[in-house]
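These notes are about the structure you will find just below.
The numbers here are math on the coordinates, done by the rules we state, and not lab data. What you are looking at is a predicted structure, and each value in this text was computed from that prediction instead of being measured. Using ideal geometry, Cβ is built from the backbone for each residue, glycine included, and neighbour counts are taken over all protein chains shown.
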Amino acid sequence: MPLTVHQFACLSDNYGFLIRDEATGRTACIDTPDAAAVLRELDDLGWELDFILNTHWHPDHAGGNADIKAITGCTIMGPAEVTRIAPLDHEVGGGDTVQLGETTFQVIESGGHTLGHIAYFDPADRVAFVGDTLFALGCGRLFEGTPEQMWDSLQRLAALPDDTRVYCAHEYTASNARFALSVDDGAALKARADEIFAARERGEWTVPTTIALEKATNPFLRAPVLAAKVGAAGQPDAQAFAAVRAAKDNFRG
Ligand code: ZN
Ligand code: FE
């Protein structure tokens, strides 16, 4: 596979991702949750960093930009909102492409968690980095955007190929599963939740996930099907989504 993804855990529940286009050795870091951790992983791998690709401005995603750039001299790409807290060299947005050696990433507008949030999709390798938009069995909180905006963003991600490997930025899956079971009693979800609880008991990661798995079991993508369970029967899809999101925000599992 021409793109190598190196995943590592950092901060309390973040994942960091270092990626390398094997044809050219070009290397990028998806977000910068923890500069020291990113620099240590680069050292261990013997990789030199060319780019930072940011998904959104939150400190656990862009907070390491300045320190990592100072040491590696890398170029930082991301949405304009990153400049609220961190340096940015090139603004990119939905519909743009980003080139990492011979690997092309499509930039997908995915606002809702923050207004300018973006995701990066590599169609050749079927790999997507989705930041805090889509999680395994979950989705990001709506800190800045509307339910309509987030629903549209999630639909763009759900439209990616079923076998796309989805790299989410946090390990929230076990608590997401507890909420999901409160609104969905489907067999697919029950089976997946059992696997997730067992995997977490063993200390294993549940990221990456896939688009197919999320479409089958994620209660936010399944909001139209679950509408009655959250008091939104007969309402438009975005309203059903809003009701699931509100139920999660109030869930004490
Ligand atoms: Zn965030
Ligand atoms: Fe985050």
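Using only the Cα atoms, what convex hull volume per residue in Å³ does region 48-184 have?
It is 118 Å³ per residue.
Could you work out the pair-distance distribution P(r) of region 192-241 from its alpha-carbon pairs, with 5 angstrom bin width and percents rounded to whole numbers?
5, 19, 21, 16, 14, 12, 8, 3, 0
Amide H to amide H, which residues 5 or more places from ASP31 or on other chains are under 5 Å from it, using H placed in the peptide plane?
Placed amide hydrogens put LEU53, ASN54, THR55 under 5 Å from ASP31.
For the chain, what does the helix formula give at 222 nm: sum of -39500 (n - 2.57) over DSSP H segments with n ≥ 4, over the residue count, nearest 500 deg cm²/dmol?
Result for the chain: -9500 deg cm²/dmol, rounded to the nearest 500.
Please identify the trypsin sites (Lys or Arg not before Pro) of region 52-157 that satisfy two criteria: DSSP loop assignment and at most 16 other Cβ atoms within 10 Å. Which are they?
ARG141
Hey, which lysines would be in cross-link range of LYS248, C-alpha to C-alpha under 19 Å, not counting anything within fewer than 8 residues on its own chain?
Hits, sequence-local ones excluded: LYS190, LYS215, LYS229.
How high is the relative contact order of the chain, in percent, with contacts defined as C-alpha pairs under 8 Å that are six or more residues apart?
Relative contact order here is 13 percent.
Expressed as a fraction of 2.2 N^0.38 Å, the rule-of-thumb size for a compact globular protein of N residues, what is the C-alpha radius of gyration of region 107-153?
Taking N as the residue count of region 107-153, the ratio is 1.11.
With each pseudo-label sitting 7 Å past Cα toward Cβ, what's the ALA198-ASP237 distance in nm, one decimal?
3.3
Rounded to the nearest 0.05, what FRET efficiency is calculated for LYS190 and ASP44 with R0 set to 41 Å and r the Cβ-Cβ distance?
0.60
Can you give the convex hull volume per residue for the Cα atoms of the chain, as a whole number of Å³?
Cα-based convex hull of the chain, divided per residue, equals 117 Å³.
For region 80-174, which chymotrypsin sites (Phe, Trp or Tyr not before Pro) are both in a DSSP coil and crowded by at most 14 other Cβ atoms within 10 Å?
Hits after loop and neighbour filter: PHE143.
Going highest first, how would you order 192-204, 241-253 by mean Cβ packing within 10 Å?
Top to bottom by mean Cβ count within 10 Å: 241-253, 192-204.
Projected onto the charge dipole of region 1-102 (+1 at Lys/Arg Cβ, -1 at Asp/Glu Cβ, origin at the Cα centre), which of ILE68, PHE17, ILE85 gives the Cα projection farthest towards the positive end?
About the Cα centre, the residue reaching furthest to the positive side is ILE85.
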